Each structure stands twice: as C-alpha cells, then as structure tokens.
Amino acid sequence: MNTKNFTAREIDRIIEMAWEDRTPFEAIEFQFGTSEKEVIKIMQTHLKSSSFRLWRKRVQGRKTKHKKLRSQNVSTFKSTRQKSISNNKISKR
C-alpha cells in the first residue's frame, strides 16, 4: 500500500469519491495517487465492516467505477458538483 499519510479531509474525500457511482477509480488515482487496491484498503480500514461489505457489493463489476468498462460516450469523470468542492486539484485546472 502507498505509504503516504493522508489527512482526515483527504480520506473523507477518497471515501466520498469511492461511494459515488459515477466516479471511476482512475479519477481517485489521478487526484490522490492511490490505486484501486489502496482505495479498497482505505475503505476497509475507515468504514464499519457492514458498510464496507455493502460498498464492495455495490461497486464490484459496476461499469461506471471502471473507466475501461464505460461506454465510449462517457469521456469525463468530473461530476456536476466537482467545481463546488474546495481543495480539489481537478477543479483548479
């Protein structure tokens, strides 16, 4: 796992992005440098076990969570709320 120590705010944002149906793991990796395996580990560490199981069941095989499984007409991972989130690298481009 990545040895970077995330702040509580960064962990909260990673968890929020992981719960979002339309945010692929590639977007989390782009923004935080954290792979899908690392996101899973973060979720497992910071969620209750029942919440983690619910999340894993929800995202496994979900086409919107994996960029390569998405249809070709979905070319961006920026959500409609993205610009309103402060301290977000993507929204500051």
Handout entry: Selection from segment 1-26 of residues that are outside any loop (DSSP other than H, G, I, E, B), surrounded by fewer than 16 Cβ atoms within 10 Å (Cβ to Cβ) and among the basic types (Lys, Arg)
Key = 9
Completion exercise
Note on segment 27-62: residues in contact (Cβ under 8 Å) with a residue 12 or more places away in the chain, aliphatic (A, V, I, L, M) and part of a helix (DSSP H, G or I) are 27, 28, 39, 40, 42, 43, 59
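Every read-out reported here was derived from the displayed coordinates using simple, explicitly stated rules and does not represent laboratory data. All figures in this text were calculated on a predicted structure; none of them were measured in a lab. Virtual Cβ from ideal backbone geometry, glycine too; neighbours counted across all protein chains shown.
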